[in-house]
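What follows is a single structure, written as structure tokens, with notes after it.
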Amino acid sequence: MPESKKKALGILAIAGVEPYQEKPGEEYMSPVQTDHFRKILQAWRNQLREEVERTVHHMQDEAANFPDPVDRASQEEEFSLELRNRDRERRLIKKIEKTLNKLEDDDFGFCESC
């Protein structure tokens, strides 16, 4: 199974939902569909927020002033990498929240240029 498909199924499992199966004759982006996407997006956002919290606690717990310059540089590089990852996740959270707002406004799932 491709890695991207495994990750998508992982998010569904976290959200506690099964992959959506469209019913014959179902209206596109029906309330059931929008609720399905809302659950997934909220679970994903919550997972990312938990990661941010873990990073904050990790950095507070691991903050030490190492006397050895190599150890200090290694720790600074580790923290820098974590902060870059959290910054990417912060931007992703903003995109998720923007998408959740589109769901609330019934403006999700439709082509914006049509």
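Show me 17-29, 96-108 ranked by packing, highest mean number of other Cβ atoms within 10 Å first.
On the way: 17-29: 9.5, 96-108: 13.7.
Ranking, from highest mean packing down: 96-108, 17-29.
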- Query: Each residue of the stretch 95-105 in turn: what ³J(HN,Hα) in whole Hz from Karplus with 6.51, -1.76, 1.60 and θ = phi - 60°, glycine and Pro shown as x?
  - Reply: 5, 5, 5, 4, 5, 4, 5, 5, 4, 5, 8
- Query: For VAL70, what charge total do you get from the other residues with a beta carbon under 12 Å from its beta carbon, if Lys and Arg give +1 and Asp and Glu give -1?
  - Reply: -3
- Item | Entry for Cα Rg over 2.2 N^0.38 Å (calculated from the structure that is shown) out of (1) 2.29; (2) 0.98; (3) 1.46 | (3)
- Query: Where nothing but the Cβ of Lys and Arg (+1) and of Asp and Glu (-1) is charged, how large is the charge dipole of the chain around its Cα centre, in debye to the nearest 20?
  - Reply: 220 debye
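Quick check on my link table: of LYS39/LYS98; LYS39/LYS102; LYS23/LYS95; LYS39/LYS95, which ones sit more than 20 Å apart, alpha carbon to alpha carbon?
Working: LYS39/LYS98 15 Å; LYS39/LYS102 14 Å; LYS23/LYS95 29 Å; LYS39/LYS95 15 Å.
Distance filter (> 20 Å) returns LYS23/LYS95.
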- Note on the structure: Restricting to Cα pairs under 8 Å and 6 or more apart, the percent relative contact order of the chain works out to 29 percent
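Every read-out reported here was derived from the displayed coordinates using simple, explicitly stated rules and does not represent laboratory data. Just so you know, these numbers come straight off a predicted model, no measurement behind them. We place every Cβ from the backbone using ideal geometry, glycine too, and count neighbours over all the protein chains shown.
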